[in-house]
Amino acid sequence: MTLRRSMLFLPGSNAAMLSTAFVYKPDSIMFDLEDAVSLREKDSARLLVFHALQLPVYQDIETVVRINQLSTPFGLKDLEAAVRGGVDVVRLPKTDSAEDVHQLEAEILRIEKECGRKVGSTKLMAAIESAAGVVNALSIARSSERMIGIALAGFDYVMDMQTERGDGSELYYARCAVLHAARAAGIDAFDVVFSDLNDEEGFLKEVDLIKRLGFNGKSLINPRQIELLHNAYAPTQEEVDYAKRVVAAAAEGERQGLGVISLNGKMIDAPIINHAHRVLQRADASGVRK
Ligand SMILES: CC(=O)SCCNC(=O)CCNC(=O)[C@H](O)C(C)(C)COP(=O)(O)OP(=O)(O)OC[C@H]1O[C@@H](n2cnc3c(N)ncnc32)[C@H](O)[C@@H]1OP(=O)(O)O
Ligand SMILES: O=C([O-])CC(=O)C(=O)O
Ligand SMILES: [Mg+2]
């Protein structure tokens, strides 16, 4: 299982960020060629990203490139650079339907064959940024064997819905729809970007909500958000201790041939035991919350 709590965006046009971003240790690093890059920098950014992908420092971290839509003059060139550069995952923005993904898949297959890359090794994720995308989330999530996850992109989504970012109520339906689609398809789900870098409390409140809902993680825009997110995803010492007691009690129950047991008066059965194993896996990956 690949751990994807933090996916750090950075503008593909920013050479300094491209060469240093790995030091912040996000789970995945996302080079943007779309909305963070101005029209006059599209070509130079694509070249910078193509070279950055091949740097030794990016061989041990999952790399993602957000390309422009294939309907733009840049999309196909971005895709050529990303696949030939050896990217792990291509992020398709503004995905409205499974057809968008099928079109992308066909191009990826062609490029992989042309450049001698292993067929199927380029993975995909789709950003859902409109009402149409949310309504089609399940077919998008199931549209390709290459698909590793879907992300809700809050800023374009609220524009399409003729509203604006607020307390999160404006995203409630979309978050639930994207999450259910991802889980039903067996892939990851990523929450929106939080743009106010000085509002640490607001960021943590949002992280608490999306973790509770069940998201794997979040798209981030600044290194300051990484540690906060990872820490919030780490279980507390209390949760780890309890999970260990559950696992030990379950093992004892199994020795005695019991399907359901009780621990300090609380029923322990299969879903509780599975949850305890997940808490211990999270502690292995993220440590214990500080
Ligand atoms: C709606 C959407 O489409 S969102 C997706 C596209 N957006 C992006 O990619 C934006 C990515 N983020 C950024 O460009 C920046 O974080 C900004 C513009 C939001 C804020 O920039 P700053 O105010 O300079 O951030 P800050 O003061 O925290 O920077 C501190 C250090 O972190 C670096 N840094 C900041 N953001 C990033 C990032 N996303 N990736 C890597 N390094 C970064 C800065 O270069 C700086 O490094 P230095 O100390 O060596 O000079
Ligand atoms: O894809 C993302 O996470 C960010 C984005 O484009 C949006 O919010 O519109
Ligand atoms: Mg967007």
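Please verify whether the stretch 12-25 includes one or more residues that are within 16 Å of ligand 3 (Cβ to nearest atom) and at pLDDT 95 or above. Scanning the stretch 12-25, I find at least one residue that is within 16 Å of ligand 3 (Cβ to nearest atom) and at pLDDT 95 or above, so the answer is yes. Screening F9 on (1) within 29 Å of S139 (Cβ to Cβ); (2) more than 19 Å from the chain's Cα centre (by Cα); (3) of a type in the set (F, W, Y) shows it passes everything except condition (2). Filtering the stretch 86-117 to residues that are within 16 Å of ligand 1 (Cβ to nearest atom) and of a type in the set (D, E, K, R) leaves R91, K94. Number of residues in the stretch 106-161 that are basic (K, R), without any contact (Cβ under 8 Å) to a residue 40 or more places away in the chain and in contact with a helix residue (DSSP H, G or I) (Cβ under 9 Å, 6 or more places away or on another chain) equals 2.
The values are calculated or read from the model by the stated rules, or taken from the named source; none is laboratory data. Keep in mind that this is a model prediction, so the values were computed, not measured. Ideal geometry is used to build each Cβ from the backbone, glycine not excepted, and the neighbour counts take in all protein chains shown.
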